Every structure is written in structure tokens, then in C-alpha cells.
1. Since TYR56 meets every condition but one in (1) over 15 Å from PRO209 (Cα atoms); (2) assigned to a strand (DSSP E or B), which condition does it not meet?
2. Determine which single condition GLU50 fails, assuming it passes every other condition in (1) under 30 Å from SER254 (Cβ atoms); (2) modelled with pLDDT under 90; (3) crowded, with 16+ Cβ neighbours inside 10 Å; (4) among the charged types (D, E, K, R).
3. Just to be sure before I move on: is VAL78 part of a helix (DSSP H, G or I), within 16 Å of the ligand (Cβ to nearest atom), touching an Asp or Glu at 6+ places or on another chain (Cβ under 6 Å) and over 30 Å from LEU381 (Cβ atoms) in the structure I sent?
4. When only residues in segment 242-275 that are among the small types (Gly, Ala, Ser) and under 25 Å from ARG295 (Cβ atoms) count, which is farthest from the ligand (Cβ to nearest atom)?
5. For segment 505-520, name all the residues that are surrounded by fewer than 17 Cβ atoms within 10 Å (Cβ to Cβ) and among the β-branched types (Val, Ile, Thr).
6. Let me confirm something: among PRO18, PRO34, which residue is within 9 Å of the ligand (Cβ to nearest atom), not assigned by TED's automatic domain parsing to the domain that holds VAL395 and not β-branched (Val, Ile, Thr)?
7. If I ask for residues that are surrounded by fewer than 24 Cβ atoms within 10 Å (Cβ to Cβ) and of a type outside the set (A, V, I, L, M), which ones from segment 215-231 would you list?
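The values are calculated or read from the model by the stated rules, or taken from the named source; none is laboratory data. All of these numbers come straight from a predicted model, not from anything done at the bench. Heads up, the Cβs are rebuilt from the backbone with ideal geometry, glycines too, and the neighbour counts pull from every protein chain shown.
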Amino acid sequence: MQQPQGVDRKFIVIGGGPAGLTAAYELTRHGHQPLVFEKMDKVGGIARTEKYKGFYFDMGGHRFFTKSAEVKRIWQEVLGEEFLRRPRLSRIYYDQKFFYYPLRPLNALLNLGLVESVLIILSYLRWQLFPYRQEETFEQWVTNRFGQRLFQTFFETYTEKVWGIPCSELKAEWAAQRIKNLSLKSALVSMFIRPGQKITSLIEEFDYPRQGPGMMWQTVRERVEQAGGRIQLNTDVVGICRDGNRLTGIMVASNGHVETVGGTDFISSMPVTEFIKRLEPPPPPEVQAAAAKLRYRDFLTVCLIINQPTLFPDNWIYVHEPGVKVGRIQNFKNWSPHMVPTLDKTSLGLEYFCNEGDDLWTMPDEALVELGKREIEKIGLARAADVEDGCVFRVPKSYPVYDGDYRHYLETIKSYLASLENFQTVGRNGLHRYNNQDHAMLTGLLAVRNALFGEENNLWVVNAEEEYHEEIYGQVEAEDAVEVMQEALSHVFTKLDPLAFGSAVGLAVGLVLFLATLFLVMKGGPVVGPNLQLLRHYFPGYQVTAPGSLLGFLYGLVIGFTSGWSYAFLRNMTMLFYLAVIQRKAELGILRKFLDYM
Ligand SMILES: Cc1cc2nc3c(=O)[nH]c(=O)nc-3n(C[C@H](O)[C@H](O)[C@H](O)COP(=O)(O)OP(=O)(O)OC[C@H]3O[C@@H](n4cnc5c(N)ncnc54)[C@H](O)[C@@H]3O)c2cc1C
């Protein structure tokens, strides 16, 4: 790379969400004054907080949790005392009843009734005995672990609402990938290291800024500006100027007029597909075609202000009720009491998952508020007459979709972008990866280190290869302990080789019998070896004589081999069974948290 090394470098950052702002923040820490361009009227991106008539609305409900020490440091540095530690309650609303989530067996049994519960258990047993042979779809993956009936009750409707496609078309890979690292480890830790103690996890409590996640990003914005950086809102990056393998500037549109801004280094958190579309001159046709194939899922929040002090105690509720379109309901006062101007009222966020341009997305705001009022009454959480006001916020490209060939298309885009010398793409949509705030931030942070210090951090694998950032950032103790535990388990559970073990035992038993017989023959006496002689009742032809010692050796060999082989075989099978039970328990543990990741 041939960028100038001094502070005369001009960094351009596209997007004022968590990734872009973290990059800008880190740049200012090293004496640079980046220019950030954000197309919206506020910072925070998907993690912004909207405000309406004194009420704060979080788009999606953002819990702050991370394993990264770097991210924790920034959060503390920026907001410190402004963080609240909040208890978590989130339930599933189905069939006019509340089910605890993660599921609690007794609560589920009482709500479902005896007959339905028995049917669920029978279905579970049936799928344990005769599972799908291949687990290609999400439906197959969950059914094999929970049974079809439970899948239909607790997973199907919600997952289809979120993704807008049948579970039979959703790849199992998506479930498996989200589930793999996190939970197998924590389940093992809880089982072996601290059996009596629950791991503090997103399950019980989380951190939350007093006035929502936007508070974090607004404060970062102020810090960047205090350090001489500039954050230009309401400015859409409409073109990216390229000269061979280097970017030279960007074209920005603001207040109806377009200008070109030059720079030496570029970090972008805008959707990678849009970045490709805006490159001038355009990249090769196959790269453009790949960008056109990547898809997103969008959502909108219908915010209702309700003239009631309390409605329900949950932070949020998953709505599995098939008769309504709403997918999840946030109760912002339960995230933080500072989200409402008065505790006499309650503000809800009704989340509708949709596709940009579809019927829901294009429905006028007033109609959406009316829909929200109808649905909240239909499911019995509040009376429509108590809703005193409402508004709507749309969040485009909130979920990068992992469908059929997305990996292939992403690879094409990745290889092309690698050829651009002074450019890095970061963040959730910049990398088309299902990153939470912390991972989005890490990519911004690492991009700056690559640019400033010549580090070669691969941003595409942050949150893809757990070991990668374990190496870089160090991990929570428990995770290290898991590595050790897994290592130890692999020793304890080392497979015994039945052939080798049987042969060793056979040889040992044969030799003992051979030597014992010879010893007694040599010792002599009126009756030679009366006790050992009894063996002839079991070993035909055996006698305590010199030739008998050879036969004894053969008998010992055969009996020893058979016992040794059987022991090794049975031990291996028991261990295998035990490991399978552990694995299954771990998977179920992960599935318990599954809805949190949508
Ligand atoms: C429903 C939901 C719930 C979530 N819950 C959590 C949670 O509990 N905890 C958590 O940590 N994370 C959560 N997340 C994820 C979190 O929102 C994202 O990880 C984070 O916002 C990603 O940050 P980013 O900067 O990469 O992208 P974004 O937030 O998308 O920011 C990108 C920015 O670029 C701007 N931009 C795009 N195009 C242009 C352009 N042409 N010109 C100028 N600017 C442009 C956008 O306006 C945006 O501000 C949730 C997400 C969703 C959808």
C-alpha cells in the first residue's frame, strides 16, 4: 500500500452506524480527523433510537453484550455510568397464553394442556427414533431435535414471519451456524465446570443505555467531532470514484446538490451491494451480477403510545399467533424507564417483518397504526381505545439473507474488493454478515488498524471464525476453560482399540496360566496343583502338566482376548452414547436461545 503514513491522510468513512462511527472514533484516537457521511438525519444506523413526542423508540431492541474486551472498553469509555443493568423477561404469546422463553417445561405443560403435551412428547419420541436422514432445511433440523409438533407450535410461524419464506426453504446451515460456537461451549461449561452455577448470559440480564442505543452513538458522534472529525448527516453517498485499483473520492448528495469529496483512505459500512452499484467506472460484469443476487429482509416498527401505566412485564414478546401479522412487540419502558416521558403511559413497538416495496412496507403510516391498534386488541395485550397516538419507522436492509448461493456471490464480491488498495468494507451489511453491534464495531476497529499500522486483519472472518478473535482479543475465562475441558474430555474419552486391547489381555491371561501351570509342575508333590486342576471342568483337555501348560496358554489367550475385546467394545459404545447425550443437550440448550437471534 502506498498511502502517506502521516496525519495528512484523509480518511473518508461511509455510514454513521456502529461500524462507521467506531472506525471514526478509533481514527481520532490516533490523531486523524475523519469525514463521516451518513444519509439519515441521525447516527446509529439500525441501532439508532428514534424519538416521537418525548418517547424514545429503539429499532429492534438492542441488548449490549459482548465477549470482546475492546468493545467493552469503548462502551464504558463512552457511556460508563449511563448504562443500566436490566433484567430480561421475554415470553412467547401463542393461543392467547404466555409461554416463558426460554421454554420452561411446567409452564409449557400448563399452557398447552395435558392432551397437547402428550402429543408433543409422542412426536418428540417419534422423531428421536426415526429422524430425517438429511438435515438440509431449518424445518428438518429443528424437527430432528424437538419433534414436529413442538416445531410447529413454537418455531414455524415466527420463523416464517421473520424470514418471509417457508421453513422448508430456509437452509439448516443458518440455524447450525448461529448455534454452533456459542452454545456448545456454554452448555459444556455449565455441565462440567460450574454445574450448579448458571452462566451469566443474555438469558437473564443485559446492559442498556438509559435512553436506548442511540444514546451511545450520539455520544460517539460528539466525541469524534470534539476531536476534529466531521460527521455530515443527511448526506447520501451516490457515487464512488475509482482510478484503477484505488479510490480517489466519493460523490455525495445533500440538499439536492451533488459534490465530489476526495480522500486517501476509504472505509465503507453501506450495504456492499450498493457500494458495488455506485462504483465508477463499474467493476467487471460478474461482480455486478453477484451484487444483484444478494438479498435482504427488512422490517418496520409501528410505535404506539398507550394511555395505561402497565400492560405486561416483558421487555419484549414474540408473537407466534398465526392470525396476526405482527412478529414481536417491544415494551420500551421495561428496557429502561427513561424511554418514556411519564410512567403513566406505555410505549410499544410492534415489529412487522417485510420486504422493501411489499404491501406492508408501502402501506401508509396511518393505516399501519390502525393495523397495529387492531392487532394489539385482537391478541388481547391492550385496548385499541387506549392508544392515544402512533407513528411508524421503517428499517430497510435489517437482515442480510443467507439463502441458496449467497456464499458463492459473496466470494466473487470479496475477491474483487480485495483488489482495491485503499478501501475496506466493514459492518453488518458491508460484509453481508449477521453481525451484532459488537462485531460490527470490531470490523471498524480492525479496518483502522489495517490502514494505520499495516496489520492484516481479515474482516470477513470476524464473527465467522471464533478462534480468530479469540486469538486477537483474548476471551472470557470460561471460554478458555472450555478449551481445556474439551481437551481433557477427548483424553478421558479416548477410544479403546478392541483388537489391541483384546490381544493384550489375551496374552497376559495366557501367559499367567502357562507360567502358573509350569511352576506347579516343577514344584511337584503327591497331587500336582489340585486347585488349578479344577479348570479342566471349563477347559476340556486341560491338565496341570507340561503339555497342559501350552493348552492353558491357548485357553487363556482366547478367553482373555474375548473378554478384553468385549470390554473395549462396550466401553466405546457407552462413551459414544454419553457423548451423544452431551451433544444433544448442548444443542437443545442452544435452541432454547434460538429466537434471540432473529
Ligand atoms: C431487529 C434487530 C435487532 C437487533 N438486536 C441487536 C441487539 O440486541 N444487540 C446488538 O448488539 N445488535 C443487535 N442488532 C444488530 C445491530 O443493529 C447491527 O449489528 C448494527 O447496527 C450494525 O452496524 P453497522 O454500522 O454495521 O450497520 P448499520 O447500522 O446498518 O449502519 C450503516 C449506516 O450506513 C448508512 N448508509 C447506508 N448507505 C449509505 C449511503 N449511500 N450514504 C451514506 N450513508 C449510508 C446507513 O444509513 C446507516 O446509518 C439487531 C438488529 C436488528 C435488525
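1. TYR56 satisfies every listed condition except (1).
2. Of (1) under 30 Å from SER254 (Cβ atoms); (2) modelled with pLDDT under 90; (3) crowded, with 16+ Cβ neighbours inside 10 Å; (4) among the charged types (D, E, K, R), only one is false for GLU50: (2).
3. No, not satisfied.
4. SER268
5. VAL512
6. PRO18
7. Hits for segment 215-231 are GLN218, THR219, ARG221, GLU222, ARG223, GLU225, GLN226, GLY228, GLY229, ARG230.
Results for (1) of a type in the set (Asp, Glu); (2) at pLDDT 85 or above, shown as yes or no for each residue.
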| position | (1), (2) |
| --- | --- |
| GLU139 | yes, yes |
| PHE146 | no, no |
| LEU150 | no, yes |
| GLU160 | yes, yes |
| ALA172 | no, no |
